[in-house]
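Right, one structure below, let's go through it.
Read-outs: derived from the displayed coordinates by stated rules, not from any lab. Small disclaimer: the values here were computed from a predicted structure and weren't measured. Because the Cβ atoms are built from the backbone with ideal geometry, glycine has one as well, and the counts that use them run over all protein chains shown.
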Amino acid sequence: MIRSLPNSKTYTIAFKAYIILYFSFLFAPLIVTCLLAFNDSQFPSLPWKGFTLDWFFADMPDRVGIFQDQINLDSIWVSAKVAFFVTILATTVGTCGAFLFEQEEFRLKQALYFLMISPLVIPGVILGISILLFSTSLGLFFESNFGIDLALLRPGFWLVVLGQFSFIATLVTLVVSARLKKFDPSLEEAALNLGANRFQVIWYITIRFLRPAIIGSAAVAFLMSFENFNTTLFLVGSEATLPINLYLQVRDGSTPVINAISFLLIIGTSIVATANLYFSNKRA
């Protein structure tokens, strides 16, 4: 809509209807899911049978709440641990990658940049299968030729971390690179002329300028890792992450505890996103 031009009544009504339908499509499923977390029913669906907090706190033979469900709590803890390590690795490597592509000139830079962003365009299923086959083949090679059994190469916690890191680090690189493009190199030159060494310039000047992008990309990396399903499905071992555990429950039939978990995740994600937005605006 161009505000400076007059608009017909039909156009205005259609525009407002589009906005309402668009946001209804986005948020209606989330709202329904949150409401069903408090539905006094044995099934995670309508009709509404009354308000209850059982799906959060109950510990009965026929009804177990999320805070009493050890399997789901364990899967949440596994997802949190995976997301923590993925965030640390992806943020560190992604920030270094941003420096590499934005502040250095070298041969085959464009070709390496294309390889760097390729994990984002490869379907997660293909990426997961490829990493699984590669790690399995490499593990069999070391075991058959050197008698070394590398647990890192077997499906499990650390392989999930490496699999998610392989594409989340690319996202961090792109976010930090976008911020680094706006950086004024003369600030670094001034600091060097005043006696600072290269490490001090990066730490006190460049990193401080990049801090909003680094923190924002770290928050996105954590959330992406926590909810990742496609890649994790092929790399997970005995410790299932929350998305894998929820998939197994939905497939086999479950209770509204799934809605309770979804409610907590929606609230938690909203709080993290709001806090990140608030502190970003405050720093700006």
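So which chymotrypsin sites (Phe, Trp or Tyr not before Pro) in the stretch 1-68 end up in coil per DSSP with only 14 or fewer other C-beta atoms within 10 Å?
Those that pass, being in a loop and sparsely packed, are W48.
Report the dimensions of the stretch 116-163 along its three principal axes from the alpha-carbon atoms, largest first, rounded to Å.
So the extents along the principal axes, rounded to whole Å, are 37, 19, 18.
If I build a Gaussian network model for the chain, linking alpha-carbon pairs within less than 10 angstrom, which residue out of D62, D54, D74 has the largest mean-square fluctuation?
D62
Ratio of alpha-carbon Rg to the 2.2 N^0.38 Å globular estimate for the stretch 20-95, to two decimals, please.
1.55
Please get the size of the charge dipole for the chain, origin at its Cα centre, with Cβ charges of +1 on Lys and Arg and -1 on Asp and Glu, quoted in debye to the nearest 20.
With only Lys, Arg, Asp and Glu charged at Cβ, the dipole is about 1200 debye.
List the DSSP H helices in the chain whose Cα atoms stretch 20 Å or more along the helix axis and whose mean Kyte-Doolittle hydropathy is at least -0.5.
9-36, 70-103, 124-146, 157-180, 207-227, 257-283
At a Förster distance of 41 Å, what's the computed FRET efficiency of F106 paired with R208, Cβ-Cβ distance as r, to 0.05?
Efficiency computed from Cβ-Cβ geometry: 0.95.
With a cut-off of at most 11 other beta carbons within 10 Å, and DSSP calling the residue loop, which chymotrypsin sites (Phe, Trp or Tyr not before Pro) in the stretch 78-141 qualify? Please list them.
F106
How much length, in nm to one decimal, is gained on full extension between Y247 and L115, taken as 0.36 nm per residue of separation minus their Cα-Cα distance?
Residue separation times 0.36 nm, minus the Cα-Cα distance, leaves 44.3 nm.
Calculate, for L187 and S270, the FRET efficiency according to 1/(1 + (r/R0)^6) with r their C-beta to C-beta distance and R0 35 Å; round to the nearest 0.05.
0.45
Please give the charge dipole size of the stretch 176-218, origin at the Cα centre, charges +1 on K and R Cβ atoms and -1 on D and E Cβ atoms. Round to the nearest 20 debye.
The dipole magnitude comes to about 200 debye.
Give the distance, in whole Å, between the Cα centre of the stretch 52-101 and the Cα centre of the stretch 238-284.
8
Pairs of alpha-carbon atoms within less than 8 angstrom and 6+ residues apart define the contacts here; what relative contact order does the stretch 53-186 have, in percent?
Once normalised by length, the contact order is 33 percent.
Can you give the longest run of the chain that contains no GluC sites (Glu not before Pro) sitting in a DSSP loop with at most 12 other Cβ atoms inside 10 Å?
Formally, the longest exposed-site-free interval is 106-284.
Return the single residue from T206, T170, T91 with maximal mean-square fluctuation; model: Gaussian network over the chain, springs between Cα atoms under 10 Å.
T206
Tell me the label only: which of (1) 38, 21, 16; (2) 27, 21, 20; (3) 38, 32, 19 is semi-axes √(5λ) of the Cα gyration tensor in Å as calculated from this structure?
Entry (3).
Could you compute the longest span of the chain free of trypsin sites (Lys or Arg not before Pro) located in DSSP loops and having at most 11 other Cβ atoms within 10 Å, not counting the site residues?
That would be 183-284.
Along the charge dipole of the chain, which of F101, T87, T136 sits closest to the positive end, that is, farthest toward it, with unit charges on the beta carbon of Lys, Arg, Asp and Glu (+1, +1, -1, -1)?
Of the candidates, F101 comes out farthest on the positive side.
Give me S41, S118, S144 sorted ascending by neighbouring Cβ count inside 10 Å, so fewest comes first.
Neighbour counts put them in this order, fewest first: S144, S118, S41.
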